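The values are calculated or read from the model by the stated rules, or taken from the named source; none is laboratory data. Just so it is clear, the model here is predicted, and its values are computed rather than measured. Here the Cβ is made from the backbone with ideal geometry for all residues, glycine too, and neighbour counts use every protein chain on show.
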Amino acid sequence: MSKVLYSPKVETYTAPTSYCPGCGHGQLHKIIGDAIDELKIREKIIFVDSVGCSVFAYKYFDCDHIQVPHGRAPAAATGIKRLMPENVVLTYQGDGDLAAIGTAEIIHAANRGENISVFFVNNAIYGMTGGQMAPTTLIGQKTTTSHTGRDEQVVGYPIKVCELLNTLEAPIYLERVAMFDALHIRQTKEAIKKSFRIQLKNKGFSLVEILSNCPTNWKMTPEQSMDYVKNEMTQEFKLGTIRDKEFCQK
């Protein structure tokens, strides 16, 4: 594991990235970090790190972390938040982690209305394990386990997590955002900050789904992968607020 180095001249920590060139995780890390700093909640933050490409998130955030088994982040976050309600607890999960092996965990945490923030990174593929088809893989999208493209007659349709959770009574805030241009990056940060504010007000469960790219496993350049998010993924996964009970209660 690479050592984290300190540079006193710029008063910051630097670490070699574990992400592929153009990967959306690095960009989202910056957005979440900025949101935490702007809200001045770093000393309260507890990251629940999932299994996936983001498994080394603890290398990039100077706050408390706990690493959990694949798919179990919402369950661990539930225990942490109930034990330490004064802290701000977030889970950071990919589509394989949250929408496949962790489907039961996220549904029941949302149904209980746990006062946690869930940041769900949807890049429509299993990234860390080699590019297999995920629950969110698009119809016709090629992966290492769907060489001719996802066939809905064989494996069904992409799972829309926000819409699925919207059938439950308890969730307070559900929104889907993306990061393919400056405007949408700003919207992503505002959604993340809103999720944190809801938790700070003890309102209940919130989830922000972030459409992201995976240039390596999609076999595209970073630019091509951003265009794919913009032109293809947003057609299947519509951007916008799915539910905002916090707004309705004002």
Pair list, Cβ under 8 Å, 6 or more apart: region 19-41 residue free of Cβ contacts under 8 Å to residues at least 12 places away in the same chain and crowded, with 19+ Cβ neighbours inside 10 Å, other residue assigned to a helix (DSSP H, G or I) and not charged (D, E, K, R):
none
Considering region 121-149, residues that are at pLDDT below 95 and in a strand (DSSP E or B), and then whichever is farthest from residue 52 (Cα to Cα), we arrive at 146
Criterion (of a type in the set (A, V, I, L, M), part of a loop (DSSP other than H, G, I, E, B) and out of contact with any Ser or Thr (no Cβ under 7 Å at 6 or more places or on another chain)) met by exactly one of 154, 51, 55:
51
Do we find that residue 207 is of a type in the set (A, V, I, L, M) and touching a strand residue (DSSP E or B) at 6+ places or on another chain (Cβ under 6 Å) in this structure?
yes
Being within 18 Å of residue 193 (Cα to Cα) and charged (D, E, K, R) is the filter here, so list the residues in region 24-61 that pass it.
30, 34, 37, 38, 40, 42, 43, 44
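This table checks each residue for (1) over 15 Å from the mean Cα position of the chain (by Cα); (2) hydrophobic (A, V, I, L, M, F, W, C); (3) surrounded by fewer than 15 Cβ atoms within 10 Å (Cβ to Cβ).
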position	(1), (2), (3)
122	no, no, no
127	no, no, no
131	yes, no, no
150	yes, no, no
155	yes, yes, yes
172	yes, yes, no
176	no, no, no
179	no, yes, no
187	no, no, no
How many residues are buried (at least 24 other Cβ atoms within 10 Å of the Cβ), assigned to a helix (DSSP H, G or I) and under 15 Å from the mean Cα position of the chain (by Cα) if we restrict to region 192-211?
2
Considering residues of region 109-120 that are part of a helix (DSSP H, G or I) and in contact (Cβ under 8 Å) with a residue 60 or more places away in the chain only, the residue surrounded by the fewest Cβ atoms within 10 Å (Cβ to Cβ):
112
Filter result (in a helix (DSSP H, G or I) and either under 18 Å from the mean Cα position of the chain (by Cα) or among the acidic types (Asp, Glu) (or both)) within region 230-250
230, 232, 233, 234, 236, 246
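Given the criterion of a type outside the set (Phe, Trp, Tyr) and in contact with a strand residue (DSSP E or B) (Cβ under 8 Å, 6 or more places away or on another chain), identify the matching residue among 189, 230, 193.
Going through 189, 230, 193 in turn, the sole match is 230.
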Please enumerate the residues belonging to region 157-188 that are of a type in the set (Gly, Ala, Ser) and assigned to a strand (DSSP E or B).
178
Take the residues in region 1-28 that are at pLDDT below 95 and hydrophobic (A, V, I, L, M, F, W, C); name whichever of them is farthest from the chain's Cα centre (by Cα).
10
Number of the condition not met by residue 162 [criteria: (1) more than 17 Å from the chain's Cα centre (by Cα); (2) of a type outside the set (Gly, Ala, Ser); (3) closer than 20 Å to residue 99 by Cα]:
(1)
Could you say which residue among 46, 31, 66 is of a type outside the set (Phe, Trp, Tyr), in a helix (DSSP H, G or I) and either at pLDDT 95 or above or closer than 29 Å to residue 107 by Cα (or both)?
31
Which numbered condition residue 227 fails, given (1) within 26 Å of residue 77 (Cβ to Cβ); (2) in a helix (DSSP H, G or I):
(1)
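The rows are residues; the columns are (1) aromatic (Phe, Trp, Tyr); (2) farther than 15 Å from residue 212 by Cα.
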residue	(1), (2)
85	no, yes
91	no, yes
107	no, yes
110	no, yes
118	no, yes
122	no, no
137	no, no
153	no, yes
157	yes, yes
